[in-house]
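Only one structure is covered here, and it is reproduced in the block below.
The values are calculated or read from the model by the stated rules, or taken from the named source; none is laboratory data. A quick note: this is a predicted structure, and the numbers were derived from the prediction, not measured. Virtual Cβ from ideal backbone geometry, glycine too; neighbours counted across all protein chains shown.
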Amino acid sequence: MHNLRAARLAEHGRSPTVRPMVAAYLWINAAIYLIFSLWCTVRPTQTAAASGFLTLDNSGRSEYLVVYGGLQLGLAAFFALLAVTPDLHRLGLLFSLAIYVAIVAYRVVTVIVFRPVSSVTLGIAGLEVALLVAAFLLWWLRRPL
């Protein structure tokens, strides 16, 4: 009986409070991607300008909507699936670490190389760093004793 409990703790995290925190983190990601997807789809000219895209021809509009509308909507759906399926929480954290390490690395380099950048860019960078730090903390909390 004790070994079964130890195996479950190792599989789902060492603390019973970690699982709801991971689910909340994954739901937050789903919500952020859904909001950005809808905002970019409904207001592409406004969001493109806020992100530093000065003008977009038809190809640029198509690409912008595909990446900022479609891809982010897909990410929202995937994070929601991860959030509602406790057996996928570990995968959700690994996925988050994979994408946010890459995003933050690129963000740091580009903010340095292309400075000064807008406050919108810096705000998004802050959100990306916060999501990366949260993923690392939750990954650390999930590790077995």
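Do we find that GLY60 is free of Cβ contacts under 8 Å to residues at least 24 places away in the same chain, touching a Phe, Trp or Tyr at 6+ places or on another chain (Cβ under 8 Å) and either surrounded by 16 or more Cβ atoms within 10 Å (Cβ to Cβ) or farther than 16 Å from ASN29 by Cβ (or both) in this structure? Spelling it out, GLY60 is indeed free of Cβ contacts under 8 Å to residues at least 24 places away in the same chain, touching a Phe, Trp or Tyr at 6+ places or on another chain (Cβ under 8 Å) and either surrounded by 16 or more Cβ atoms within 10 Å (Cβ to Cβ) or farther than 16 Å from ASN29 by Cβ (or both).
Here LEU65 meets the list (1) under 30 Å from LEU141 (Cβ atoms); (2) surrounded by 15 or more Cβ atoms within 10 Å (Cβ to Cβ); (3) among the aliphatic types (A, V, I, L, M) almost entirely, failing just condition (1). Checking PHE95, PHE79 one by one, the residue that is assigned to a helix (DSSP H, G or I), crowded, with 16+ Cβ neighbours inside 10 Å and in contact (Cβ under 8 Å) with a residue 24 or more places away in the chain is PHE79 and no other. Looking across segment 102-121, just one residue is among the aliphatic types (A, V, I, L, M), loosely packed, with under 13 Cβ neighbours inside 10 Å and under 20 Å from PHE36 (Cα atoms), and that is ALA102.
Among GLY74, GLY70, GLY92, which is the only one that is among the small types (Gly, Ala, Ser) and farther than 24 Å from VAL129 by Cβ? First the steps, then the outcome.
Working: GLY74 fails: farther than 24 Å from VAL129 by Cβ; GLY92 fails: farther than 24 Å from VAL129 by Cβ.
One residue alone meets the criteria, GLY70.
In summary, LEU73 fulfils each of the numbered conditions (1) modelled with pLDDT of 90 or more; (2) not in a helix (DSSP H, G or I) with the single exception of condition (2). Take GLY52 and tell me if it is modelled with pLDDT under 90, farther than 23 Å from ARG143 by Cα and small (Gly, Ala, Ser). For GLY52, the condition - modelled with pLDDT under 90, farther than 23 Å from ARG143 by Cα and small (Gly, Ala, Ser) - is met.
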